[in-house]
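K.L.:
Right, I'll just put the structure down here and ask away after.
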Amino acid sequence: MHMSDALVSPSIAASMWVATAGASALSARALRRRPDDRRVPLMGVLGAFVFAAQLVNFAIPGTGSSGHLCGGVLLAILLGPSAALLVMASVLTVQALFFADGGLLALGCNIFNLGVLACFVAYPFVFAPIAGARPSRARLAVATVLASVVALQLGSLAIVVETLLSRRASISLGTFLLLMQPIHLAIGVIEGLITTFLVLFIRDARPELAPGSREAVISKPWARRVGTGALIATVVVAGALSWFASSAPDGLEWSLARASVGVPAEGEPEVPRGILARIGEATGLPPSEESGNRGRPADTAGRAWPQVDPLVSFSGLAGAGLTLALGGLLAAGLRAVRRSTRPASPP
Amino acid sequence: MTRADGITAALSHLGRFDELAGANTPIARVDPRAKLVTTAAFLVTVASYGRLEVIALLPLGAYPLVFLVLGNVPLGPIAWRMALVSPFAVLVGAFEPVLDRQPLGSLGPLVVTAGGASFASILLRFALSVSAALLLVATTGLDAAAAALAWFRVPRVLVVQLLFLYRYLFVLSEEVARSLRAHALRSPHHPSPRIRVAGSMLGQVLLRTLERAQRIHVAMSCRGFDGEVRLRRPLQARPSDIAFVACWCAYFVLCRVSNLPRLLGTAVFGVAG
């Protein structure tokens, strides 16, 4: 499942972009250190394969529902974690651009949730220790299923945390976790099973490419270092940025809300709020009157409801209508301009 | 329609985007770097609004609107994509009216709650950011976008990966569609393959994929490939491109610091909010 642009705040999106860009740069550097000119076409075509494989919905026995492959763990097994991350990044970028899955702002979150966590946490910490150097079929199957389950559990947990820290939705932590984790447990098991079938199939047909062969082994200790590094970096960056964003109460948002027309500038002092306070709010622990406030101190939100509202005031509504009408006029005008200039441009 | 037909339809849709990007329109002529920067600024602006803003977000619709009209992009494929996309935002947003019943005011007989405004805001943000991303690629094309990414110092291996993926996307998706069609013809009572069948079916495709990668590598080596992919696409920024970025960014700031629809309403109808 993809994190969406509509639910992410700029500070969270920026933190996740920084973490993802860091992990991608490290992976790119690792690949440059071990040049292999067969890898360029292999990565490209495997990316296209994962993309195409996601189009296959297979029936899940006994449930009547269907699932599809995500591919992070499969790519890490076949290519090693650093190449796999870059392939996942490219797949998710194309999905965001052409299929509007997720979005460009949330792309950092999505590459982290589905790529970094699968390639640099689930693969080196779960798959590699269980599978070992020369895994039997059963060991390989167990390792693959467990790695997929862990990857998807971490991924959906990351979505929950990112959504709550962004504070664009008022759903509470408990409800959200209950909604997300069990369904992703099921998805993870299915992902694990289909990945296992694929890995075993490849092992029988092309033993030289299966785990236990060249690249997967070379990259293991290295991947573990990067995985640890990526996790630490994320925590530090996210923590620092949230602190920065909240020490000036919700930074940009708050100051702009004050500057904007129609919102009276109130004289409250700025209350510095740490990350714990924000998590507390996001989880719905404080009273629910908080939910209406847009980064302003809580006490103003409760009594200020008539003035906060942009929807009710007549001029607001009438203005909205006028804006839409202007939009229509703009479109019609531009279209007319286009039509009059069209003969000049080649068909 | 079988699943295979669905994939073929999705592919022809994807191919449409390429044709659109090749058209010679005022928006297609803008430097890809300028469009990338402006779109990023647009997305950040949209995301920076508070969770209850609905009306103040409306003027930002001008950005996708201008791309749509000046880029000569048909509304159909964009609207179709937006209707189909991942239901995540809508799902989370749908909880809002239930969770947050604090009244904000009334709209005639209708009481507007904070949750309702929040849901409307999530849907509007979703429409704005999704349409901006789709229109960016429909008026730029992936090749030009990749050249812009390389200019912004995105690691070369990632840019090349993106181009390779896009090149073989069509080939492999068609291969998967053929496998699915073959499956559908042989087992008409099971529209989607069971997991074990899907495993070996995808396994076959994966094997062919790996063989294809080998053939491509051999072909590339024959043409003098030495491990480094060279991208040659000269990018030239004109003064109009700089003006494009500057004007849009100024407009986004204006939208963000002032509630334009409210100002407009006050100015025209003379009623203070």
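K.L.:
Of B:178, B:196, B:208, which residue is without any contact (Cβ under 8 Å) to a residue 24 or more places away in the chain and not hydrophobic (A, V, I, L, M, F, W, C)?
P.N.:
Of the residues listed, the single one that is without any contact (Cβ under 8 Å) to a residue 24 or more places away in the chain and not hydrophobic (A, V, I, L, M, F, W, C) is B:196.
K.L.:
Does residue B:25 meet the test of being within 28 Å of residue A:340 (Cα to Cα) and not aliphatic (A, V, I, L, M)?
P.N.:
Here the answer is yes, as residue B:25 does meet what is asked.
K.L.:
Moving on to the next point. In the list B:159, B:176, B:154, which residue meets the criterion of being out of contact with any Pro (no Cβ under 6 Å at 6 or more places or on another chain), within 30 Å of residue B:31 (Cα to Cα), at pLDDT 85 or above and buried (at least 21 other Cβ atoms within 10 Å of the Cβ)?
P.N.:
Working: B:176 fails: within 30 Å of residue B:31 (Cα to Cα); B:154 fails: buried (at least 21 other Cβ atoms within 10 Å of the Cβ).
Of B:159, B:176, B:154, the one residue that is out of contact with any Pro (no Cβ under 6 Å at 6 or more places or on another chain), within 30 Å of residue B:31 (Cα to Cα), at pLDDT 85 or above and buried (at least 21 other Cβ atoms within 10 Å of the Cβ) is B:159.
K.L.:
Separate question: Might you check whether a residue that is within 12 Å of chain B (Cβ to nearest Cβ), part of a helix (DSSP H, G or I) and in contact (Cβ under 8 Å) with a residue 60 or more places away in the chain occurs anywhere in the range A:115-136? Reasoning before the result, please.
P.N.:
Start the filter on the range A:115-136 by keeping residues that are within 12 Å of chain B (Cβ to nearest Cβ), which leaves A:115.
Filter once more, so that each one left must be part of a helix (DSSP H, G or I): A:115.
Cutting the leftovers down to in contact (Cβ under 8 Å) with a residue 60 or more places away in the chain gives us A:115.
Looking through the range A:115-136, at least one residue is within 12 Å of chain B (Cβ to nearest Cβ), part of a helix (DSSP H, G or I) and in contact (Cβ under 8 Å) with a residue 60 or more places away in the chain.
K.L.:
Any idea which residue in the range B:225-257 is farthest from residue B:143 (Cα to Cα), counting only those that are modelled with pLDDT of 85 or more and either among the basic types (Lys, Arg) or in a loop (DSSP other than H, G, I, E, B) (or both)? Outline the logic, then answer.
P.N.:
The first filter runs over the range B:225-257 and keeps only residues modelled with pLDDT of 85 or more, leaving B:238-257.
Next, only the ones that are either among the basic types (Lys, Arg) or in a loop (DSSP other than H, G, I, E, B) (or both) stay: B:238, B:256.
Values: B:238: 20, B:256: 33 Å.
So the residue we want is B:256.
K.L.:
Restrict the check to the range B:216-233 and report whether at least one residue is aromatic (Phe, Trp, Tyr), under 22 Å from residue B:44 (Cβ atoms) and either away from chain A (no Cβ under 11 Å) or surrounded by 12 or more Cβ atoms within 10 Å (Cβ to Cβ) (or both).
P.N.:
no
K.L.:
Additional query: Let me confirm something: among B:34, B:40, B:23, B:56, which residue is among the aliphatic types (A, V, I, L, M), within 8 Å of chain A (Cβ to nearest Cβ) and surrounded by fewer than 24 Cβ atoms within 10 Å (Cβ to Cβ)?
P.N.:
That would be B:40, the only listed residue that is among the aliphatic types (A, V, I, L, M), within 8 Å of chain A (Cβ to nearest Cβ) and surrounded by fewer than 24 Cβ atoms within 10 Å (Cβ to Cβ).
K.L.:
Quick one: which helices (runs of 4 or more DSSP H) sit completely within the range B:92-210 and have at least 3 residues that are among the small types (Gly, Ala, Ser) and at the interface with chain A (Cβ under 7 Å from one of its Cβ atoms)?
P.N.:
B:114-140
The values are calculated or read from the model by the stated rules, or taken from the named source; none is laboratory data. In this text, all values refer to a predicted model and were calculated from it rather than measured experimentally. When we count neighbours, we look across all protein chains shown, and the Cβ atoms used for this are built from the backbone with ideal geometry, even at glycine.
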